[in-house]
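Chemist: Below you'll find the structure I mean.
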Amino acid sequence: MATLIDVTQLEGQARDDALAPAARALRAGELVALPTETVYGLGAHALDPRAVAGIFAAKGRPANNPLIVHVHDASRARALTTSWDARADALAAAFWPGPLTLVLPRAPEVPDAVTAGLGTVGLRVPAHPVARALLRLADVPVAAPSANLYTRVSPTRAEHVMAGLGDRIAYVVDGGPTDVGVESTVLSLATPAPTILRPGMITLDAIARVLPNVVHRAPGELADGEAAASPGLARKHYSPAAQVVLAAPGEAMALARADARPAAVLVRGGVESLDASPRVLSLPDDPGAYARGLYDALHRADDLGIELLVVARPPDTEAWRAIVDRLVRSTA
Ligand code: TXA
Ligand code: MG
């Protein structure tokens, strides 16, 4: 089993001391799960192809799905690309540290294992203080996908990581529940117009204030997890054990009631009722707070033995876009 390092109550030098073995493990090519502000990541030394191969093995993830490289600051990101430009400068100033990944032409030292052989690399400076401390102490770039088994729900708590991957990795660092709750916005600067490849809680509207010509990836273009050769491969993603169905808010309850399986509805701004049949799970009617709780709700549905989860569909607006994207994927 992984060694759990709980730093939720620590700060400063005491936290650095507690993180030191995890930082050494990263430098030595071992796997360390760490909190970021989005979801927990499964980290490995990004410039060590053997360490990176360990990520794919532990997750059961196909090697043609590229990884995001996490660094402590923009100057370290800049060192891993051949074409840092004024747009990257402006985005880094506006959104780093934070939940934005920039896809840029890769520097030669970034191994194929990280980029799935692509000419680009995804770079991110995370905001979580524990991730930042660990990156500073390890002083190596850290490749980290979400710390879940391939196609399963991303972890937003150390317990989720322990349950899914605890028997496959050296350390799990517990930094408490994550704040943003869904994965970073992935923005390519290597396309003709800056293109959002994966929506996140940094929205197109927010990016457009810095880069007016930013666009969403058109349907059918390279999608999340499809950056390499096999379109469609990663369509099933973010899935709990329960079957997830999206429904109009007014129809969710009836759908769950009509099903013979243990069922639950996931509503917005309602009252949770775990004894009711169907059970009622609720998340706040605010995109930021909903995103923060979403994956935990999916994990809880599984823990409750739910086999059908009917989700009241959120609005189709830019603020909810990342949430709707993850919900639609979880229905696959
Ligand atoms: O918030 C996050 O981004 C989390 C935390 C741990 O940082 N990480 C994460 O990693 O979600 P992962 O591996 O689950 O998702 C990485 C996404 C995938 O959609 C992948 O296709 C895309 O980033 N990506 C990475 N490098 C890319 C590249 N060079 N070109 C296009 N897409 C890329
Ligand atoms: Mg993932």
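Only the coordinates and a few stated rules stand behind these numbers; no lab work does. Predicted model only: the values in this text are computed from it and were never measured. Here the Cβ positions follow ideal geometry from the backbone for every residue, glycine too, while neighbour counts run over all protein chains shown.
Chemist: Report the label-to-label distance for Ala28 and Ala193 in nanometres (one decimal), using points 7 Å from each Cα along the Cα→Cβ vector.
Modeler: Rounded to a tenth, the inter-label distance reads 5.0 nm.
Chemist: If you don't mind, there's one more thing I want to ask. Please work out whether the stretch 50-160 counts as rounded, prolate or oblate from its C-alpha gyration tensor, where a ≥ b ≥ c are the square roots of the eigenvalues and a/c under 1.5 means rounded, while otherwise a/b larger than b/c means prolate and anything else oblate?
Modeler: Values: a/c = 1.79, a/b = 1.25, b/c = 1.44.
The shape class here is oblate.
Chemist: Another question, if that's okay. For Asp167 and Glu307, FRET efficiency with R0 = 35 Å and r from the beta-carbon atoms, rounded to 0.05?
Modeler: E between Glu307 and Asp167, to the nearest 0.05, is 0.85.
Chemist: Same structure, new question: What is the sum of charges around Ala92, taking Lys and Arg as +1, Asp and Glu as -1, for the other residues whose C-beta is under 12 Å from the C-beta of Ala92? Could the numbers behind the result be given before it?
Modeler: Numbers: positive: Arg76, Arg78, Arg87, Arg124; negative: Asp73, Asp85, Asp89.
Taking every other residue near Ala92 into account, the sum is +1.
Chemist: Using Cβ counts within 10 Å as a stand-in for footprinting exposure, how do Arg279, Arg257 rank, fewest first? Write out the running numbers ahead of the final one.
Modeler: On the way: Arg279 21, Arg257 12.
With the fewest neighbours first, Arg279, Arg257 line up as Arg257, Arg279.
Chemist: Show me the three semi-axes of the equivalent ellipsoid for the stretch 42-84, from the C-alpha gyration tensor (sqrt of 5 times each eigenvalue), largest first, rounded to whole Å. Walk me through the numbers on the way to the answer.
Modeler: Details: eigenvalues 102, 23, 15 Å².
Values for the stretch 42-84, descending: 23, 11, 9 Å.
Chemist: For the chain, what does -39500 (n - 2.57) per DSSP helix run (n ≥ 4), summed and divided by total residues, give at 222 nm, in deg cm²/dmol to the nearest 500? Could you put the intermediate results ahead of the total?
Modeler: Details: 11 runs with 102 residues, N = 332.
Estimated from H runs of four or more residues: -9000 deg cm²/dmol.
Chemist: Obtain the nm distance between the two label points defined at Gln243 and Arg209 by a simple spin-label model: each point lies 7 Å from its Cα along the Cα-to-C-beta direction.
Modeler: About 4.3 nm separates the two model spin labels.
Chemist: Then there is this: Does a label point 7 Å from the Cα of Asp285, set along Cα-to-beta-carbon, have any residues of the stretch 300-328 with amide nitrogen under 12 Å, and which are they?
Modeler: It comes to 315, nothing else.
Chemist: Follow-up. Give me the net charge of Ile55's neighbourhood, meaning all other residues with Cβ under 12 Å from the Cβ of Ile55; Lys, Arg count +1, Asp, Glu -1. Don't skip to the end; give the middle numbers.
Modeler: Numbers: positive: Arg50, Lys59, Arg61, Arg168; negative: Glu30, Asp48.
Summing Lys/Arg as +1 and Asp/Glu as -1 gives +2.
Chemist: Let me ask you something else. Equivalent-ellipsoid semi-axes (√(5λ), Cα gyration tensor) for the chain, whole Å, largest first? List each step's numbers first, then the result.
Modeler: Details: eigenvalues 198, 113, 64 Å².
Computed over the chain, the values are 31, 24, 18 Å.
Chemist: Would you mind pulling out the separation of the Cα centroids of the stretch 138-158 and the stretch 243-313, in Å?
Modeler: Between the Cα centres of the stretch 138-158 and the stretch 243-313 lies a distance of 25 Å.
Chemist: Let me ask you something else. Sum up the charges of everything whose Cβ sits under 14 Å from the Cβ of Glu37, counting Lys and Arg as +1 and Asp and Glu as -1, but leave Glu37 out. Don't skip to the end; give the middle numbers.
Modeler: On the way: positive: Arg124, Arg132, Arg157, Arg292; negative: Asp179, Glu183.
Within the 14 Å Cβ shell, the charges total +2.
Chemist: Between Ser273 and Ala258, how many nm apart are label points set 7 Å from Cα along the C-beta direction?
Modeler: 2.0
Chemist: Only bridges with both residues in the chain count here: give the DSSP antiparallel percent, nearest 5.
Modeler: Numbers: 18 of 48 bridges.
Here the antiparallel bridges make up roughly 40 percent for the chain.
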